[in-house]
1. Per residue, what volume in Å³ does the convex hull of the Cα atoms of the chain enclose?
2. Please enumerate, by chain and number, the lysines with C-alpha under 29 Å from the C-alpha of Lys130, excluding those fewer than 8 residues away in the same chain.
3. Packing-wise, with mean Cβ within 10 Å as the measure, how do 92-104, 396-408, 40-52 rank, highest first?
4. Just by accessible area at a 1.4 angstrom probe, what is the order of Lys130, Lys427 from largest to smallest?
5. Whole-Å semi-axes of region 720-761's equivalent ellipsoid, largest first, each the root of 5 times a Cα gyration tensor eigenvalue?
6. Give the carbon-plus-sulfur fraction of the accessible surface of region 1-116 in %, rounded to a whole number; probe 1.4 Å, heavy atoms of protein chains only.
7. On alpha carbon coordinates alone, what is the Rg over Rh value for region 876-970, Rh being the Kirkwood radius?
8. What Kirkwood hydrodynamic radius do you get for region 427-484 when you take the inverse of the mean 1/r over all pairs of distinct Cα atoms, in Å?
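The values are calculated or read from the model by the stated rules, or taken from the named source; none is laboratory data. Just so it is clear, the structure is predicted and the values come from calculations on it, not from any experiment. Please note: Cβ atoms are built from the backbone with ideal geometry, for glycine as well, and neighbour counts cover all protein chains shown. SASA here: full protein model, heavy atoms, side chains in, ligands and nucleic acids out. Shrake-Rupley method; radii C 1.70, N 1.55, O 1.52, S 1.80 Å.
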Amino acid sequence: MPLTETSIKRPVATMMVFLIIITLGVTGLRHLPIDLLPPMEFPQLTVWTGYPNVGPEEIEQAITDPIENALAGVPGVERIRSGSEEGSSSVSLDFTRGTNLETAANDVRTALDGVRNDLPEDADPPRVWKFDPNNVPIVVVGASSDIWDLQELTLILERDIANRFEQVEGVGNIWIWGGVERIVKVDLRRDRLNASRLSAQDIRTALGAGNVNRPGGNVSVGVREIYVRTLGEFTNLDQIRQTVVSEFDGKPIRIGDVADVSMGYEEFNRLVKIDGKPMLRFGIRKQSGTNTVEVAAAIRAEVERINAERTDLNLFVASDESTFIQRSIDNVRNSAFWGAILAVVVLYLFLRRGSSTFIIAISIPISIIATFSLLYFNGLTLNQMSFGGLALGVGLVVDNAVVVLENITRQREEGKDPVSAARLGTKEVGGAIIASTLTTTVIFLPVVFMQTITGVLFQQLALVVVFALFCSLAVALTLVPMLSSKLLRRQTKPSERTGCFHHYFDRVENRYSRILKTAVQRRGRVIIGCIVLGTTAFLLVPLIPMELAPPAEAEEIDVDLFMDSGTNIAVLSKALDELEAKVRELVPTDWVQHFSTDIRGGRAEVEFSLKEGSPIGTTALADKLRTALDGQIPGADIRVSAQSGLWILRRIFRSGGENDDISIQIRGYDLNQAEQVGNRIRSAIEDIPGVEGVRVGRNTGRPQTNLHLDRDKLAELGLSVREVADAIQMNVGGGRAGSYRIRGEEFPIIVRLRPEDRRNTQSLSNIPLRLPNGEIIPISSVIDPQTALGPPRINRIDGQRITKVTATLAEGTAMGEAVEAIRERVAELSLPPGFSVYFGGEAEEQEKAAADFRLSIFIALALVYMVMAAQFERFLDPLIVLCAVPFAVIGVVPTLFITGTTLNMQSLMGVIMLIGIVVNNAIVLVDYINLLRRTENLPPVEAVQRACRRRLRPILMTTLTTVLGLLPLSIGLGAGAEMQASLARVVLGGLLASTLVTLVFIPALYLTAHDLLDRVKARFG
């Protein structure tokens, strides 16, 4: 081969080329960002619109409906999901894979511009944001103070501390949780408003008119121009109090006469405690493309600096995602390192020469280091998938070098000089290793066309493995023959091999020769026996549990507490204290790093992380807590979940939002009827083994007062429904009347009835309402209040209302088994007209991924056949080689059963990889058989026996190096190891079985197929 010839003739140039590659790789490694997952663009946009103090049904009608209708025509939209709850609307658009999100975002903004005027005036402008799985807080910092209260601490964090962290290189935005925001409160006194014949809208109008700065233009004074400004904004609270609203009996009525003006705080709606102490938390996000581990380390250093400088507060790191990322990357790196060591040990046992072992072993670091330069120049990161690809490639990258060196060594043993042996030995197997490398790489092409999230995740792993294999091919065709021509100076003979291992291998070789002779003589029995074994293994495949992702050991435990909608924060706090006490009784304090509690949005939670070395795993502890806490808090619904460092992966699979393992969607408009259907489904499935915590989404239960308007009376009085609704919203929910700016700070001015004037529905009936003639009447004149229960949130998919039935899975329960059992139970239920049931979340992604993988397996088989047909220039021999693939299942199925591994996205990816790997040995074997028949004119039986005996050693060497290279990864110990363990186990088991089959079945099949071909030619030739 010209490339090999050049490398042998110019050894210095060859060495320098690879030194350049190593230099680039090492330099690129120093600058590679470290992250948990590959950077990827999730095809989803969300439109969020705030509308304070407005109920879910009104949000649905006034905001969600118009926005959904406007966005339905955006190109590329696959599905529209929405949620309407008190104060906000969110509409999420799921786009088809490959959609340019920048273009899609522009299309969405254009569509929103057309509907903006149809939205309520008081609603916030719709905001568009992309879901980025890596755009989550990497560090959560807790803040407490013995000096400042929470209000002052909030100001300190916003003004000073947040700015300090924003200056840290790589830090993005910061969110403060549990903070108390300051506002200017204008609390209206209803009795004084009525006496003064004023309404809340009058106060709001007066404040807006009296709080204005305006430019006045320029005036010329001599040779100068002077800029004129009108300064009318409030500079102190007294100016607000002195603002004149109107006159009564010739006397001015000021805001201070009818309202209490003060600097206050928003209503308390969130309370965070860590280890029982009230405090604040803030989450810090990193900038896109930055190194998560480095940014987190810089944040930790800044925390220490602030604590050293300030004595009025204390900061501490409550959680740090980089810890798990670093541990998981270190774990995969260590697996790759020990895999490489084991592979080199195997090589030395076979070769028994340091020079030969060195020549092959050097291909591992060169191929891996070269891959780092690929990652750097393509803007990729070191993450679970890319490092996993490197770990998987450790055993594969030596295969080509092993085949080449073994053939060169055989040429030396036959008496050829080093240069001739290197040249001829590489030439004989060059075509075979090129073909085997191509077959291993083309199997990854279908991954490029996968349309699911799973496929996108595997694309970087595929890229890394493919590049590492091509690097190993380049090493095998250039560096290995060059080094062999220089280092393999001493000529050895087979008889000179010494050592226990070689004596043992000689016995194995002789034993194999006898087995092969028998197999050749009894070809039919061998073929039938292999077919029976393969068929049996395939029949056992349905017994293997199936799920989307392998289970991962959790890092945290969340105990969520839900109470009836509308429960105020004081009641929630009391229930949470009781829950925390029970959790502390069940979980010893010395097991836990921190106990955190959080109350917000009608729910509360206890969250804690276990220390390393705890006597119980988090998943098992979560199951124990779920059983022990069930029904322990009266009136509360308690849910326990274990959250691993790979939680973001689950979040991606569940479309970015859902937290439950099982999510059943009941689609139908009538929410009350949908809840009844949900209760029937819950009753039907809650006794299924492994299915726990079955919950029905709440469609009713939030207490509300519906104010029905007397339209005839409104017409008589000259009022519109909008005017009455605005008056109610202003008095009860409050309305913003501008901003109060002082010392660079800006605080909203909120106009609202004082608390004692809006304490109950009876007091609301006296809200003043202005008639067109200026007269003031109580609002009770035109309304009929009725108490009812309303939905806390209305969810929709493609315009259909949905009600969710959710559940969690016990430890060891596979998703596929649970979903199948649930489907059978649900299918037995009769649904009302207009209702249907769908499985969403992870189950939906699992179905899509399974279909994608099935198609990819068929495409991979076709591509492998085409590559081999091009290599052999025949149609029959590739079919013979391809027959080795199905028999890999003989090893895969027992391996999965023994290790308790499920069929998941990782193990299915392993099956795809196996298609390219298992044919390599068969390619080398069949190619050498054809070479002997072509060059030495040997009869088929003799060519088969000689080729099999000569290729036994390289086949066993490549198989054992790959298997032992994957062995540390397949054990699955350490943080995040579950991600790659399933894939490694499949490849390991399948490769072992297929190698044994290849050494016996392929020779028998080759002779049988060629005998049939010769008979056909003789008959029809």
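1. For the chain, the hull spanned by Cα atoms encloses 246 Å³ per residue.
2. Filter leaves Lys286, Lys804, Lys848.
3. Values: 92-104: 16.5, 396-408: 29.0, 40-52: 19.8.
So the order, starting with the most tightly packed, is 396-408, 40-52, 92-104.
4. Numbers: Lys130 85, Lys427 135 Å².
Largest to smallest exposure gives the sequence Lys427, Lys130.
5. Details: eigenvalues 132, 42, 4 Å².
They are 26, 14, 5 Å, listed from largest to smallest.
6. Working: 3030 of 5290 Å².
Its accessible area is 57 percent carbon and sulfur atoms.
7. Working: Rg = 16.0 Å, Rh = 15.1 Å.
That ratio is 1.06, to two decimals.
8. Values: mean 1/r = 0.0792 Å⁻¹.
The Cα-based Kirkwood calculation yields 12.6 Å.
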